[in-house]
Amino acid sequence: MSAVQVSSIAEVRERVAEARRAGQTIGCVPTMGALHAGHGALMDRARAECGMVVVTIFVNPIQFDVKADYERYARNLPADLSFCSERGVEVVFAPSVEEMYPEPTGTFVEAPETARYLCGEHRPGHFRGVATVVAKLFHIVQPDLAYFGEKDAQQVAVIERMVEDLNFPVRVVRVATVREADGLALSSRNERLTPEERRAAPALYRALQEARRLISEGARDAEAVKRAALEMLASEALLRVEYFEVVDARSFHPVAEAAGEVKIAAAAWAGSTRLIDNVSCQAAGGCARE
Ligand code: AMP
């Protein structure tokens, strides 16, 4: 069955209300389009758990700290619609900027503690834009479950904090990162990489794995772990590291000593393309495999 494309808020609400009256569980997968197998994993999980799956496709201008990045973000709605249809998605909500923001928003949602470091520090306003648009999408779609990728681990933490603090009646479901065979996390931005940059890119994941190995073998000093990982990355001339941190898995604040559940998260530039990735690690009893 083909996915139905809906661009108005009123229509998506109507369709969801109808499904709810029929007793269906509603699952929402928020995306910015240019869909790939990473998004596909979120959809498959939603499909398995929900009666109706709504995928949202919206390149949200207020979460881009750099205008050029917004403008050149890949957009391909016809291909995205077929992708969703193949995965059994019922509704694709793809609103225009005017539909979502008839005037510049006068209200924002923020989770400043969770967003203080890492991407929050390096992309001012980014998580405020994300939290605001996800809050809007939650009010529009009113899903029971919403699916987010671990690939953007700080983003899920921000959303979970928002849901908890503001009592959204939504259960956030985390889905493991989907990777290429060489370890590079799938991302809509990967298609911008030159062949040389593409060859260099998996070094980021290798450095994260090395940091995880060190912590799982007993290293506790986050600075020492970082130094070892950065040394590995230094040999990859095409990558410029923006941050590499060991953080508490819930607060996303950097830790001096790895203890309990931590994330090792990194961002690096390959030319003009920004790559982010992270791995989970249980410091006390060895690291979790994804
Ligand atoms: P985006 O379209 O990049 O905003 O991503 C939409 C959703 O897909 C977010 O929850 C992402 O974390 C998730 N996602 C993106 N890439 C991947 C991936 N490689 N593996 C799993 N989830 C992903």
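The values are calculated or read from the model by the stated rules, or taken from the named source; none is laboratory data. From a predicted model like this one, the values you see are computed outputs, not experimental measurements. Cβ placement follows ideal geometry from the backbone for every residue including glycine, while neighbour counts extend to all protein chains displayed. Keep in mind that these areas ignore ligands, DNA and RNA; they rest on the heavy atoms of the full protein, side chains included. Shrake-Rupley method; radii C 1.70, N 1.55, O 1.52, S 1.80 Å.
Worth a mention:
- Separation of the stretch 240-281 from the stretch 23-71 is 23 Å, based on Cα centroids.
- The percentage of C-alpha pairs in the stretch 178-290 whose separation is greater than 20 Å is 37%.
- Mean separation of Cα contacts under 8 Å (6+ apart) over length of the chain, as relative contact order %: 17 percent
- Sorted from greatest to least, the principal axis extents spanned by the alpha carbons of the stretch 4-175 come out as 43, 34, 32 Å.
- Its residues counted as N, the chain yields a C-alpha radius of gyration over 2.2 N^0.38 Å of 1.01.
- A DSSP coil position with no more than 15 other Cβ atoms inside 10 Å describes the following trypsin sites (Lys or Arg not before Pro) in the stretch 89-150: R116.
- Relative contact order of the stretch 188-282, taken over Cα pairs closer than 8 Å and 6 or more residues apart, is 32 percent.
- The protection proxy used here, the mean number of other Cβ atoms lying within 10 Å of each residue, ranks peptides 51-57, 173-179, 87-93 as follows, highest first: 51-57, 87-93, 173-179.
- Solvent-accessible area of the chain (1.4 angstrom probe, protein heavy atoms only): carbon and sulfur portion equals 50 percent.
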